1. If PHE36 satisfies every condition in (1) free of Cβ contacts under 8 Å to residues at least 40 places away in the same chain; (2) under 21 Å from GLY106 (Cβ atoms) but one, which is the exception?
2. Among the residues of segment 148-195 satisfying the criterion of being in a loop (DSSP other than H, G, I, E, B) and buried (at least 16 other Cβ atoms within 10 Å of the Cβ), which is modelled with the highest pLDDT?
3. Do any residues in segment 145-163 that are at negative phi have Cβ atoms under 9 Å from those of residues that are in a helix (DSSP H, G or I) and among the charged types (D, E, K, R), where the two are at least six apart or on different chains, and which pairs are they?
4. Is it the case that PHE48 is without any contact (Cβ under 8 Å) to a residue 24 or more places away in the chain, part of a loop (DSSP other than H, G, I, E, B) and of a type outside the set (S, T, N, Q)?
5. Go through (1) at pLDDT 95 or above; (2) under 30 Å from PRO73 (Cα atoms); (3) surrounded by 15 or more Cβ atoms within 10 Å (Cβ to Cβ); (4) not aromatic (Phe, Trp, Tyr) and name the single condition VAL145 misses.
Amino acid sequence: MIIAGLGNPGIEYQDTRHNAGFWAVEALARKFSCAFTERLHRAQVASFRFKGAAHLLVKPQTYMNLSGESVTPLLASEQLVSSDLLVIADDINLPVGRWRLRSAGGHGGHNGLKSIIAGVGEEFWRLRIGVGTSPGTGSTLVDHVLGPLASEERAFIDRQLSDLSELVCMWLAGMGQRAMGRFNGRNYGIPEPIS
């Protein structure tokens, strides 16, 4: 299976909302004790094992809008089908602290997903991580997704990422539908009580 986190390479983008997918696969690499040491099909790749099978974590290095140019040939070279792919990406239509796992669907205006759909079709899994909508006044959509999160917002996403390996292990074990039921309703965007 392949788990691809979408983002933009380069230090100037590493803390931007658009890189939520990169943050996710980096968190998974720490959890599964692997590192992005390989480069395949214009992507940084980390290999790990789960229940005896080998899987890949992927960070395309093509920049967001061309993600499919990396993910599509990688899927083909691994002789996998689109349903063996989980793509993790930011979503401006979800508030910070929410996420949505789905087994298929459209791109919802996300150019990275649009690029992957052009290569493999719509029948792949996707996990959308909410990064909130643009505040509006004086801020464009590009400014929003290429801007940093507030520290409280990043804390919400870090709480999500601490549960991500559980969601991914369920997906790898063929329990994606059950993972949808367990995780899609959770709201991590509530401040923890002060103790």
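The values are calculated or read from the model by the stated rules, or taken from the named source; none is laboratory data. None of these values were measured; they are calculated from a predicted model. Don't worry about glycine lacking a Cβ; one is built from the backbone with ideal geometry, like all the others, and counts go over all protein chains shown.
1. Here PHE36 clears every test but (2).
2. From segment 148-195, those in a loop (DSSP other than H, G, I, E, B) are 149-150, 173-175, 184-195; that's our starting set.
Restricting the remaining residues to those that are buried (at least 16 other Cβ atoms within 10 Å of the Cβ) gives 149, 188-189.
Working: LEU149: 88, TYR188: 95, GLY189: 89.
Restricting to residues being in a loop (DSSP other than H, G, I, E, B) and buried (at least 16 other Cβ atoms within 10 Å of the Cβ), the top hit is TYR188.
3. VAL145/ARG17; LEU146/ARG17; GLY147/ARG17; PRO148/ARG17; PRO148/ARG154; LEU149/ARG17; GLU153/ARG17; LEU161/GLU26
4. Details: without any contact (Cβ under 8 Å) to a residue 24 or more places away in the chain: yes; part of a loop (DSSP other than H, G, I, E, B): no; of a type outside the set (S, T, N, Q): yes.
Against the criterion (without any contact (Cβ under 8 Å) to a residue 24 or more places away in the chain, part of a loop (DSSP other than H, G, I, E, B) and of a type outside the set (S, T, N, Q)), PHE48 does not qualify.
5. Checking VAL145 against (1) at pLDDT 95 or above; (2) under 30 Å from PRO73 (Cα atoms); (3) surrounded by 15 or more Cβ atoms within 10 Å (Cβ to Cβ); (4) not aromatic (Phe, Trp, Tyr), the one that fails is (1).
Per-residue answers, yes or no, for (1) surrounded by 15 or more Cβ atoms within 10 Å (Cβ to Cβ); (2) among the hydroxyl-bearing types (Ser, Thr, Tyr); (3) on the phi > 0 side of the Ramachandran plot:
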residue: GLN14; (1), (2), (3): no, no, no
residue: GLY21; (1), (2), (3): yes, no, no
residue: ARG39; (1), (2), (3): no, no, no
residue: ALA53; (1), (2), (3): no, no, no
residue: PRO73; (1), (2), (3): yes, no, no
residue: GLN79; (1), (2), (3): no, no, yes
residue: PRO95; (1), (2), (3): yes, no, no
